[in-house]
Amino acid sequence: MVVRERKPLAASKRPGVSYRRILVPLVDSEHSEQAMAIACQLAENHGAGVTAVTVIEVPVELPLDAHMTEEEAHAKHVLDDARAIGDLYGVSAVGRILRSRAAGEAIVEEAVHAATEIIVLRAPRKQRSTRAVQVFGKTVDYVLKHAPCRVMVAASPPGSC
């Protein structure tokens, strides 16, 4: 039996990954606050821009431009919180309210439109009983399948959130 000396792997010569345009889809939850904080941490050292979006899902029976004052006020509150998190990190965060029939489609369209380099999501992992059950919800699943860029999903084990 021949024993060879192990040599350490050569250090990578690739520069660290940095992003200039980060998209963070938000809802009113602790998960969204955590996603915004993660995006700001990615952005703060590289002078990246963070766009926080919240989607108002308009029911099919209403026109997309229907007045939904309660939902609009709620969306503005979510974006104000996101800007406050950005301020804590010294990151300029732009907020946008999107209207769509489906949140996942709106997020992907915004990523394409803004030439986003990474989408940062925070989602609880679902308890799966079979392989056919999605690990996350329909919105995260759609974004993962259709995003034109990298997607970071910060997830926690089922039941821990």
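Looking at segment 12-32, is at least one residue small (Gly, Ala, Ser), at pLDDT 90 or above and either over 14 Å from the mean Cα position of the chain (by Cα) or open to solvent by less than 60 Å² (accessible area, probe 1.4 Å) (or both)?
no
Residue-wise test of (1) modelled with pLDDT under 95; (2) under 19 Å from residue 140 (Cα atoms); (3) not hydrophobic (A, V, I, L, M, F, W, C); (4) not in a loop (DSSP other than H, G, I, E, B).
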{"position": "43", "(1), (2), (3), (4)": "yes, no, no, yes"}
{"position": "47", "(1), (2), (3), (4)": "yes, no, yes, no"}
{"position": "78", "(1), (2), (3), (4)": "no, yes, no, yes"}
{"position": "106", "(1), (2), (3), (4)": "no, yes, no, yes"}
{"position": "121", "(1), (2), (3), (4)": "yes, yes, no, yes"}
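So which residues in segment 59-104 are open to solvent by 90 Å² or more (accessible area, probe 1.4 Å) and without any contact (Cβ under 8 Å) to a residue 12 or more places away in the chain?
61, 67, 69, 70, 87
Within segment 146-159, is even one residue under 15 Å from residue 105 (Cα atoms), touching a helix residue (DSSP H, G or I) at 6+ places or on another chain (Cβ under 8 Å), at pLDDT 80 or above and assigned to a helix (DSSP H, G or I)?
Yes.
Any residue at all in segment 136-144 that is open to solvent by 20 Å² or more (accessible area, probe 1.4 Å), in a loop (DSSP other than H, G, I, E, B) and modelled with pLDDT of 95 or more?
no
The values are calculated or read from the model by the stated rules, or taken from the named source; none is laboratory data. Worth saying up front: this structure is predicted, and the values here are computed from it rather than measured. Because the Cβ atoms are built from the backbone with ideal geometry, glycine has one as well, and the counts that use them run over all protein chains shown. Accessible surface areas use protein heavy atoms only, side chains included; no ligands, DNA or RNA. Shrake-Rupley method; radii C 1.70, N 1.55, O 1.52, S 1.80 Å.
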